[in-house]
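Below: the structure, in structure tokens.
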Amino acid sequence: MAKVIIALGNDISTDDIYPGRYMATVLPTETPQFAFADRTDFNTRLKAREFPAGSIIVGGENFGCGSSREQACSTLKGYDVVVVAKSISRIFLQNSINLGLKVVLCPALEASEGDALDITDDTVINRTTGKTFAQVQMPAARKGIMDAGGLIPYTRARLKARG
Amino acid sequence: MGMTVAEKILARAAGLPAVAAGDVVEPRVDLAMSHENAALVINQFLEVFEGTGLAPTIWDPSRIAIIFDHRVPAESPKTATNQKKIREFVAANGITKFHDIRGDTGGICHQILPEYGYVRPGYVVVGTDSHTTTHGALGAFSFGIGATEMASVWSLGYAVNIEVPETIKVVVSGTMPPYVGAKDLILHIIGTLTAQGANYKVLEFHGETIRRMSTSGRIAICNMSVEAGATSGIVPGDEETVRYLREVAGVTDDIPLTTPDADARYVRTVEVDVSKLEPQIACPHMVDNVKPISAVAGTKVQQIVIGSCTNGRLDDLEIAAGILRGKKVAAGTRMLVFPASGRIFAQALAKGYVQDFMAAGAVVMNSGCGPCLGVHEGALGDHETALSTTNRNFKGRMGNPKSEVFLCSPAVAAASAITGVITDPRNN
């Protein structure tokens, strides 16, 4: 069980998650400091390591829309958070899988900040409200990359197989 | 079962006789583009090879394009150092399609690729930039990816585990009214579909209006297809595509075209008649918050921006210069113009557009992304408003979360520069 540390609306853009002015910073060790930089309070709490690993960011529809900047995923991965959203934009979803940021698709999700959620293999259970919501499973095409631990090990295995 | 353009291109690139939406394929990549984020791609690329005993080797350096545009000239030592690292990598790996910070061959990646004939109809193009959808304007299947996915492409030469997307057919009819153009059309389409209406899908553009439209207009439309969530926007290649590639890009070899089958399957068809379309404005803070100009005319603006991969081409500058010629930018409003490439800058000089802009009081800047992504060259002050021909208006996009960005066509931007408020160019 983990807590929802922020519940966001629809169309949360990569400019919101990782503002463009920090794009010259690319190293996964350095990007976390700028997570949601323009949401000053939340950014401060993240940087203070107030939230344990596995804490949940709830998104609405089209989470991560906009830019292809991978920093929007590495910045969140730096805090070991889980993104549970009604839907996720294509590039952000693919980047998350490629980098090993845990994302869960849950189209009917109802959850507020502070709620406690259990994420099972195929549902999200809101322990605070007692409601259970179905997950949409990742397509098999993406599962292979997830099972390999991300796209770098996946590609490395392809290279090795080729010799 | 017939195939859409995207299906035909992916089938060919995957070496399959046919594919259908939902199939998972591994298409060979014809062109792989990056800008300054190549610095991150290089890191990931080197990491792929770690522990393999293999030397890091790019599958085909001639198919990689790297263009500096996002932060040019560098705004910080960090960017300058990233650019230096990329230059060294480019030289060491024999990457020839490299466009450095230069006044002759430099420019915005999405302008350079068409201008230099790097993209052809039927190509699979990937780019570490979401606006890579642009190159569907030349009949390619072109989509944005992240830096790690690009590192995988550099290593393997193909994209792994690509799902063939469904296609939405957009049929556009009618003649554009004066001062209404491709930008207004795509803003209208995004407003209709919403920011997620084409998520995981392709927009394939058809109709008499598209057939008559220049490649420049098609670029604007495909460029912003991603703002409806589309994986790619595609105008099937035609005579205009061939004309552009021959006359502008200087292509001399064969240009085979890929067109959809008559019985191709579309998930949805959207019909648009432009004959009564008003200039369209995307209002803060979402690109799909689109209104006809009459709804927001009179809104005061402190900064006007003309340029970007969406609207920094010669015809964009021509219409704006025509409106500004002999007039002045309003006091209290500043205007920035960014030609999309060095070549366009030179053409705008030769035609006198740059002189028109400067005489009016606009500042003409070097080619590049400028303030579009909020890094430098035109950040907004607290509670300021910009009116811009760029493609995004998310909160904070132009460098300040306490500011607002409205998006419009070059004609609206120029007419509004004169008055200092959002102004319908048809009332000039």
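None of the figures in this text is laboratory data; all of them are computed from the coordinates on show. Given the structure is predicted, the values throughout are model-derived calculations rather than measurements. Backbone-built Cβ (ideal geometry, glycine too); neighbour counts: all protein chains shown.
Return one number: the angle in degrees, 0 to 90 and rounded to the nearest 10, between the long axis of the Cα atoms of helix B:77-93 and the longest principal axis of the Cα atoms of chain B. Between the helix axis and the principal axis of chain B, the angle is about 40 degrees.
Each of B:ARG268 and B:ALA379 was given a label point 7 Å from its Cα along the Cα-to-Cβ line. The distance between the two points is 3.9 nm. By the Cα gyration tensor, the protein assembly as shown has an equivalent ellipsoid whose semi-axes, rounded to whole angstrom, run 35, 28, 25 from largest to smallest.
Per DSSP H run of n ≥ 4, the term is -39500 (n - 2.57); total these for the protein assembly as shown, divide by its residue number, and report the mean residue ellipticity at 222 nm rounded to 500 deg cm²/dmol. Walk me through the numbers on the way to the answer.
Values: 20 runs with 183 residues, N = 591.
About -9000 deg cm²/dmol.
On full extension, the segment bounded by A:ASP80 and A:ALA157 gains 25.2 nm, given 0.36 nm per residue less the C-alpha separation.
Which residue, A:GLY64, A:GLY130, B:PRO256, has the largest displacement toward the positive end of the dipole of the protein assembly as shown when charges sit on each Cβ (Lys, Arg +1; Asp, Glu -1)? Selected residue: A:GLY64. By the gyration tensor of its Cα atoms, with a ≥ b ≥ c the square roots of the eigenvalues, what is the shape of chain B: rounded for a/c under 1.5, prolate for a/b over b/c, or oblate? Oblate. The residues neighbouring B:GLU278, those whose beta-carbon lies less than 12 Å from its own, together hold a net charge of +1 under the Lys/Arg +1, Asp/Glu -1 convention.
Only loop residues by DSSP count here, and only those with at most 15 other Cβ atoms within 10 Å; note down the GluC sites (Glu not before Pro) in the stretch B:289-398 that meet that.
Details: sites: B:GLU318, B:GLU377, B:GLU384; in loops: B:GLU377, B:GLU384.
Taking the stretch B:289-398 and a limit of 15 other Cβ atoms within 10 Å, no loop GluC sites (Glu not before Pro) are found.
Charges were assigned to the Cβ only: +1 to each Lys and Arg, -1 to each Asp and Glu. The resulting dipole of the protein assembly as shown about its Cα centre is roughly 700 debye. Taking the Cα of B:VAL363, stepping 7 Å toward and past its beta carbon, and measuring to each backbone N in the stretch B:380-418: which are under 11 Å? Residues B:380 qualify, since their backbone N sits under 11 Å from the label point.
Let me confirm one metric for peptide A:49-59, namely the mean number of other chain beta-carbon atoms within 10 Å of its residues' beta-carbons. Intermediate results must be reported in sequence, preceding the final value.
Details: counts 0, 0, 0, 0, 0, 0, 0, 0, 0, 0, 0.
Per residue, the average neighbour count from other chains is 0.
Taking every alpha-carbon pair within the stretch B:280-427, the share separated by more than 23 Å comes to 25 percent.
Could you grab the relative contact order for the stretch B:280-427? Cα pairs under 8 Å, six or more apart, rounded to a whole percent.
Details: 366 pairs, mean separation 50.3, N = 148.
It comes to 34 percent, rounded to a whole number.
Length available on full extension from B:VAL24 to B:SER275: 0.36 nm per residue minus the Cα-Cα distance, which gives 86.3 nm.
Can you tell me the FRET efficiency between B:GLN355 and B:GLU247 if r is taken as the Cβ-Cβ distance and R0 is 30 Å, rounded to the nearest 0.05? It would help to have the intermediate numbers written out before the result.
On the way: r = 26 Å, r/R0 = 0.85.
FRET efficiency, B:GLN355 to B:GLU247: 0.70.
Karplus-based coupling profile of the stretch A:98-113, in residue order and whole Hz: 4, 9, x, 7, 6, 10, 10, 9, 9, x, 9, 3, 10, 7, 10, 4, with θ = phi - 60° in 6.51 cos²θ - 1.76 cosθ + 1.60 and x standing for Gly or Pro.
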